[in-house]
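Working notes, structure below.
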Amino acid sequence: MYIYGDMPDIIQTNPKILGGMPVLKGTRIPIARIVALFVQGYTIKDFKRNYPYLNITRKDIADIFSYYSHLAIQ
């Protein structure tokens with residue numbers, strides 16, 4: 001679970017990747033995209049089918065949502 005101030009391992013920011021937008025580590029996929037897809041009904045199976053190179057877990061999704069909710073509040 002995300003604790004304010006610590007970025008989950010699944011997320012990275014780099015000014016050279018999408019202008020520093022938080023992305024899934026090792027990709028150019030913004031976490032906002034993951035949140036949007038999940039809200040639209042994507043499941044872990046859908047992520048694995050459409051992004052086979054991702055090894056995303058339920059814990060990762062929970063960390064992403066927790067991190068993203070803190071960003072939205074700021």
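The values are calculated or read from the model by the stated rules, or taken from the named source; none is laboratory data. Everything numeric here is computed off the predicted structure, so don't read it as measured data. We place every Cβ from the backbone using ideal geometry, glycine too, and count neighbours over all the protein chains shown.
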Q.
I'd like to know if the stretch 29-38 contains one or more residues that are surrounded by fewer than 16 Cβ atoms within 10 Å (Cβ to Cβ), closer than 16 Å to MET7 by Cα and charged (D, E, K, R).
A. no
Q) Out of the residues in the stretch 45-71 that are under 15 Å from ARG33 (Cβ atoms) and among the aliphatic types (A, V, I, L, M), which is surrounded by the most Cβ atoms within 10 Å (Cβ to Cβ)? A) ILE64
Q) So, of the residues in the stretch 1-28 that are hydrophobic (A, V, I, L, M, F, W, C) and out of contact with any strand residue (DSSP E or B) (no Cβ under 8 Å at 6 or more places or on another chain), which turns out to be surrounded by the most Cβ atoms within 10 Å (Cβ to Cβ)? A) MET7
Q) List pairs: first in the stretch 33-62 and of a type in the set (Lys, Arg), second assigned to a helix (DSSP H, G or I) and surrounded by 13 or more Cβ atoms within 10 Å (Cβ to Cβ), Cβ under 7 Å, 6+ apart or cross-chain? A) ARG58/ILE44
Q) Taking the stretch 43-56 on its own, how many of its residues are at pLDDT 90 or above and closer than 13 Å to ILE11 by Cα? A) 0
Q: Name, by its number, the condition in (1) exposed (fewer than 13 other Cβ atoms within 10 Å of the Cβ); (2) assigned to a helix (DSSP H, G or I) that does not hold for GLY41.
A: (2)
(Q) I need the full set of residues from the stretch 1-29 which are free of Cβ contacts under 8 Å to residues at least 40 places away in the same chain, outside any helix (DSSP H, G or I) and in contact with a Pro (Cβ under 7 Å, 6 or more places away or on another chain), in order please. (A) THR13, MET21, VAL23
